[in-house]
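Worksheet: one structure, shown below.
The values are calculated or read from the model by the stated rules, or taken from the named source; none is laboratory data. Quick caveat, the model's predicted, so the values are computed rather than measured. Virtual Cβ from ideal backbone geometry, glycine too; neighbours counted across all protein chains shown. SASA here: full protein model, heavy atoms, side chains in, ligands and nucleic acids out. Shrake-Rupley method; radii C 1.70, N 1.55, O 1.52, S 1.80 Å.
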Amino acid sequence: MKLILLGAPGAGKGTQAELLQKALQAPVISTGNLLRAAIAEGSKLGLAAKEYMDGGRLVPDELIISLVQEKLAAPECAHGAIFDGFPRTVAQAEALDGIGGADAALSIEVSDAEIEERMCGRRTCPNCQTTYHITHNPPRREGVCDKCGAALGIRKDDEPGVVKERLRIYHEQTEPLIEYYRAQGKLREVPGQGTVTETTALIFKALSICS
Ligand code: AP5
């Protein structure tokens with residue numbers, strides 16, 4: 001199955017992608033994580049992406065589309081993938097349609113006010129990219145990643161001013177994809193204001209997955 005996770009920055013796409021990965025036995029393609037890894041490596045892609053990401057703006061479509069094409073061609077994606085943070089523009093959605101498209105697009109709906117609160121409390125592992133929240137989803141040991149033991153940090157684009165810009169860009173450039181996938185009959189909408197567990201249950205129901 002090829003599944004797209006849509007939603008504003010901080011709606012919980014990464015958190016739910018990790019849980020869905022186990023249920024669907026499909027790899028996650030997170031363009032945000034791939035770009036952050038490219039920045040950490042100091043690669044050409046990372047150098048090109050950094051300024052856009054730090055300012056909360058979208059990385060140009062052509063860079064993202066070739067990155068996703070390369071990932072999708074890998075053998076582990078032969079039976080499907082979960083897209084976290086892709087597509088984010090109509091041009092990206094059209095490019096995905098050109099290489100087989102997706103089976104479903106799941107939109108996680110969260111208000112802007114809740115997003116801003118979540119971003120303030122997010123902590124991210126710079127090593128394995130797992131995300132936590134200081135109150136809603138804390139690590140077992142404060143400040144330490146449960147999975148790899150690295151010290152948790154705060155993403156540069158989680159600063160309040162940058163979060164506002166990311167939300168503005170989401171409403172302008174990514175939200176139109178809700179109608180794009182509705183028109184294709186592939187859209188599933190799920191309220192994401194509840195707890196992580198409540199939201200997972202709603203997602204599984206929307207996708208007819210048994211938990
Ligand atoms: P990316 O990394 O994709 O960021 P994003 O979409 O802004 O999403 P986030 O990772 O911020 O949030 P999320 O929805 O995954 O939420 P999370 O699960 O972490 O992209 C970063 C940048 O890269 C972009 O700004 C852009 O520059 C570039 N980029 C990436 N893809 C691109 C593309 N396709 N095209 C162009 N540019 C691209 O949850 C957030 C917090 O809330 C966490 O602390 C979590 O623990 C907590 N939380 C989650 N669920 C709940 C819940 N139900 N209740 C309470 N707390 C919760």
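Within the bounds of the range 157-171, is there any residue that is loosely packed, with under 14 Cβ neighbours inside 10 Å, in contact with an Asp or Glu (Cβ under 7 Å, 6 or more places away or on another chain) and in contact (Cβ under 8 Å) with a residue 60 or more places away in the chain? The answer is no; no qualifying residue exists.
Restricting attention to the range 145-154, the residues that are open to solvent by less than 50 Å² (accessible area, probe 1.4 Å) and within 13 Å of Arg122 (Cα to Cα) add up to 3.
Looking at Leu63, Leu96 in this structure, which one is open to solvent by less than 40 Å² (accessible area, probe 1.4 Å), among the aliphatic types (A, V, I, L, M) and either without any contact (Cβ under 8 Å) to a residue 12 or more places away in the chain or part of a helix (DSSP H, G or I) (or both)? Selected residue: Leu96, the only one of Leu63, Leu96 that is open to solvent by less than 40 Å² (accessible area, probe 1.4 Å), among the aliphatic types (A, V, I, L, M) and either without any contact (Cβ under 8 Å) to a residue 12 or more places away in the chain or part of a helix (DSSP H, G or I) (or both). Kindly check whether there is at least one residue in the range 126-143 that is open to solvent by 90 Å² or more (accessible area, probe 1.4 Å), at pLDDT 95 or above, farther than 24 Å from Glu114 by Cα and among the charged types (D, E, K, R). Within the range 126-143, one or more residues are open to solvent by 90 Å² or more (accessible area, probe 1.4 Å), at pLDDT 95 or above, farther than 24 Å from Glu114 by Cα and among the charged types (D, E, K, R). Whether a residue is among the polar types (S, T, N, Q) and at pLDDT below 95 was assessed, and Thr89 does not pass this test.
In the range 39-54, what residues are assigned to a helix (DSSP H, G or I), free of Cβ contacts under 8 Å to residues at least 12 places away in the same chain and small (Gly, Ala, Ser)?
Gly46, the sole residue that qualifies.
Here Asp146, Asp103, Asp158 are screened, and the one residue that is farther than 23 Å from Leu202 by Cα and in contact with a strand residue (DSSP E or B) (Cβ under 6 Å, 6 or more places away or on another chain) is Asp158. Mind checking whether some residue in the range 112-122 is within 19 Å of Asn33 (Cα to Cα), touching a residue at least 60 places away in the same chain (Cβ under 8 Å), within 13 Å of the ligand (Cβ to nearest atom) and open to solvent by 30 Å² or more (accessible area, probe 1.4 Å)? Yes, some residue in the range 112-122 is within 19 Å of Asn33 (Cα to Cα), touching a residue at least 60 places away in the same chain (Cβ under 8 Å), within 13 Å of the ligand (Cβ to nearest atom) and open to solvent by 30 Å² or more (accessible area, probe 1.4 Å).
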